[in-house]
Every structure is written in C-alpha cells, then in structure tokens.
Amino acid sequence: MKRRDFIEKTAASSALLSLGLSLSSFENKETKHLTILHTNDVHSYIDPFPANHPRNPNMGGVVRRAALIETIRKENPNVLLLDAGDIFQGTPYFNYYGGELEFKLMSMMQYDLSTIGNHDFDNGVEGLYAQMPHATFEFVSANYDFKNTVMDGLVKPYKIFNKNGIKVGVFGLGIELDGLVDKAMYKETVYNNPVEAAQDMVRILKKENKCDLVICLSHLGYNYKDEPNKLCDLKLAAITQDIDLIIGGHTHTFLDKPAIVKNLVDKEVLVNQVGCYGINLGRIDFYLNNNNNKQNAFKGTSIIV
C-alpha cells in the first residue's frame, strides 16, 4: 500500500467494511479505539533508499515515517508506538555515532517502548549503555537478566500503559545470544527461557494487573521452517495464553497483515512483523467496548513508508 493511499484505504470505515461490519457498529460512545504502530529491525537506516535501488527505490526513511506517524496520531490520539529490536547496525550512521542518532530520532518520533535485539549488542553492552541517555522511551525484556552488567536497572520486564481507559501491558522477549553474539559483547547478560518468562508476564499482566490487552515485543523470529524445533513467534502464540498480540522481529519477515494463531485455550492471537530497514510501518487497530472487552473487529496492515 502506498503511503499517499493510506488515509483513505486504512481509515476505520474501510477497515470495518473489510470485515463485513459497518462503521456505525463501533464508533459510538461505548467504543474505545486503540492504534498500535510498530517497527522492527530498522538497523540504522535513517535515509530512504535511493531512487535507483533495485528492490526498494525511494522507500523508507525517518522523515517519511515521522510524517506518517504524525498523521495517524491526528486521526486517533490513542496510539502506542513500539519497536521489536535491532535498532542498531547496518549503515555508517551506526558506525560513526554508535546509536546516538537512532535513539534521538526515535525519541523525537515519541516511541513509547522497545525491546532489545541481538544487534543492539554490536558495540557491546557498554556501547548500548552509553546510548541510553539519548532515549526518552523505555526498554523491556523479560528474559534478559542484566543484573551483573552496566545495564542493570535500565531494562524492565514489562510496562503498563493506560490509553483512554484501556490498560495495555507490554513485555519483551529476546533471542538466545549464545552462538549469535560474541560473549565479549553481552558479557554477563543472562538468557532465560522465553516461554517461562512469557507465562510469568501474562500472569502478572493479565491476572494480577487486569490488563485489557497484553502485547509481546519479541525478537525471537517469526518462523523457522528449516528448524522446526526452534522457538518462534508462531509457536509462542500457540503454546501460551492471554497474549493478544505478538509484535516480532529478527527474521526480517514482511507480512501484509497479521497472522492469526489459536493459542493454548483456542483463542486468537495476532502475530505481526513488518520486514526491516524502516521500509514499512505496522498498524493494528483494536476496538473495545465500554467494558474494555474486545469487539470482533481489528484492522492490521503494513504501510509502505
């Protein structure tokens, strides 16, 4: 979908009509509308691709993404802007600035939260720590334990937001670093089982804190067809419960819309990922009734920036 077509093609009326529902069915005083915007694996791509690029001509770029986010926020002020990791590494901007520019620009776009990807350790855990003052947003990871590193206390397992009376719990999960990242880079960072961490998070967020929506920011990867036993977002959705949405990263998977997976108790979980390099911005709209119960309507799409 081209950016200029976004407003008319992904407006709420089109979204609901595509589900066989009329706008009047939802847009009333008893309906709350929450928009989740998300990115993953941006990898320090600040500028758009050049016009002569063979695959992604004129696509991406922070300026276009910022303008698109601003447009959506004007349409619906109840927005959460999230990132699923691998903010660093990929262009000379990272080589020169070490992540400072990426964090400053994300702060200007008013990101709410991010998790941590394997490439965010590419300047070591100290390099990540050095850039933290440039981020006005927070970081979550429920299965990376940083207590014996300089990052101790800077990464929380989860964060709870209140948007227009909707309580949203967001937690993060990271991929196993051993064999993927040099030990000298992540040092004493401890990797804990992500399934066990997820189960602990949903207990805290859903049962104890009564969150209306639970979102997982995952850097586990969408799917591994050649490694059927490897944990991925699709598997995580199927073997857990009480997660409403998994926003993924790591595998650079381009999805036009979220996949729908039945969880452990046969309820639907949305799983989404929007490729890499800031080419796409993910958008998922939830509509909740006055009791904050999800209506049978959501709209998920991947927007070309």
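A few remarks follow.
- The alpha carbons of the chain stretch over 57, 48, 39 Å along the principal axes, in descending order.
- Magnitude of the charge dipole, the chain, Cβ model with Lys/Arg +1 and Asp/Glu -1, debye to 20: 1020 debye
- Candidate aspartates and glutamates for bridging to Lys187, where Cα separation is under 16 Å - those fewer than 8 sequence places away on the same chain excluded: Asp120, Asp122, Glu126, Asp145, Asp152, Glu176, Asp178
- Dipole-positive endmost among Met151, Phe161, Leu234 within the chain (Cβ charges, Cα centre): Phe161
- When you filter the trypsin sites (Lys or Arg not before Pro) in the stretch 146-187 for DSSP loop state and at most 12 other Cβ atoms inside 10 Å of their Cβ, you are left with Lys147.
- Cleavage-rule hits, chymotrypsin sites (Phe, Trp or Tyr not before Pro), the stretch 200-285, DSSP coil, Cβ neighbours within 10 Å at most 12: none
- FRET efficiency, 1/(1 + (r/R0)^6) with R0 25 Å, evaluated for Ser107 and Asn76 via beta carbons: 0.70
- Signed unit charges on C-beta, dipole axis of the chain, positive-most listed residue Gly90, Leu220, Asn56: Asn56
- Of all beta bridges that DSSP places with both ends in the chain, some 55 percent have antiparallel geometry.
- The stretch between Tyr224 and Arg203 holds 4.8 nm of extra length on full extension. This uses 0.36 nm per residue minus the Cα-Cα distance.
- Förster-model FRET efficiency, 41 Å R0, Asn52 and Ala238, C-beta, rounded to 0.05: 0.45
- Among the trypsin sites (Lys or Arg not before Pro) within the stretch 221-270, those in coil by DSSP and having at most 15 neighbouring Cβ atoms inside 10 Å are Lys225, Lys230, Lys267.
- Listed pairs Lys156/Lys206; Lys159/Lys206; Lys167/Lys235; Lys104/Lys163; Lys32/Lys257 exceeding 19 Å between Cα atoms: Lys167/Lys235; Lys104/Lys163; Lys32/Lys257
- Calculated FRET efficiency for the pair Ala67/Ile260, C-beta based, R₀ 45 Å, to 0.05: 0.90
Bear in mind these aren't lab numbers, they're just calculated from the coordinates by the rules spelled out. Worth saying up front: this structure is predicted, and the values here are computed from it rather than measured. Cβ: placed from backbone, ideal geometry, glycine included. Neighbour counts: every protein chain shown.
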